[in-house]
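Any read-out appearing in this document is the output of simple, stated calculations on the displayed coordinates, not a laboratory observation. Please read all numbers here as calculations on a predicted model, not as lab measurements. With ideal geometry, Cβ positions are generated from the backbone for all residues, glycine too; neighbour counts draw on all protein chains shown.
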Amino acid sequence: MYESADIIQYLVDTYGTGETPSGLGAGTANVVKISLALLPRFGKGSRVISGGSKVPSKPLIYWGYEASPFCRLVKEKLNELELPHVQKSCARGSAKRKELQARAGKFLVPFIEDPNTGVSMYESAEIMEYLEKTYAA
Ligand SMILES: N[C@@H](CCC(=O)N[C@@H](CS)C(=O)NCC(=O)O)C(=O)O
C-alpha cells in the first residue's frame, strides 16, 4: 500500500493495539516537524552515491532506531549505497536490546553485522567508513 497514514494504520491494526501512539501519526503537523528536523542534513541519504555501489549477496543486519542521531547517520549511508539490510529495531523498552547485549557484549546502537565479510561493529563513524570502503564502487 501507498500513503503513510494508511500504512501506519495498517501496522497498528495488524501488529499493535489499533491505536496510533501520539506523535506517530502521519498528520501535517508531524510531517512539517520531521521536514524541519531534516533541513540541516541537506538531503543526506536521499540520493544514491555517485559512481554506484557493489551489491552484497546477503543483506546486512542493522541494529538501531530512528530517533538516534548516530543511527540516522548509518541509515543515510545504507540508503546512499542502496545496501539491502534487515533492520533490528531496538528503541528504548525493546526486548531486542538484551539480544544484542548477549550477542555482542554490550548494548549500543548503531551496530552492524555483515554476513558477507564476517565483520560486525559498533561506532557510527567507523561503520560509515567500513560501508563506503567495502561497497562504494
Ligand atoms: N559513539 C557512538 C555513540 C552511539 C550512542 O550513543 N548510541 C546511543 C543511542 S543514540 C545508545 O545506544 N545508547 C544506549 C542506550 O540507548 O541505552 C556512535 O557514534 O555510534
Can we say Ser57 is closer than 27 Å to Ala5 by Cα and among the small types (Gly, Ala, Ser)?
-> no
Exclusive hit being within 16 Å of Ala136 (Cβ to Cβ) and of a type in the set (Lys, Arg), set Arg47, Arg92, Arg41, Arg72 = Arg47
What single numbered condition from (1) surrounded by 14 or more Cβ atoms within 10 Å (Cβ to Cβ); (2) more than 30 Å from Gly23 (Cα to Cα); (3) aliphatic (A, V, I, L, M) fails to hold for Met128?
-> (2)
Over segment 2-30, the set of residues among the aromatic types (Phe, Trp, Tyr) and either surrounded by fewer than 10 Cβ atoms within 10 Å (Cβ to Cβ) or in contact with a helix residue (DSSP H, G or I) (Cβ under 9 Å, 6 or more places away or on another chain) (or both) is Tyr2, Tyr15
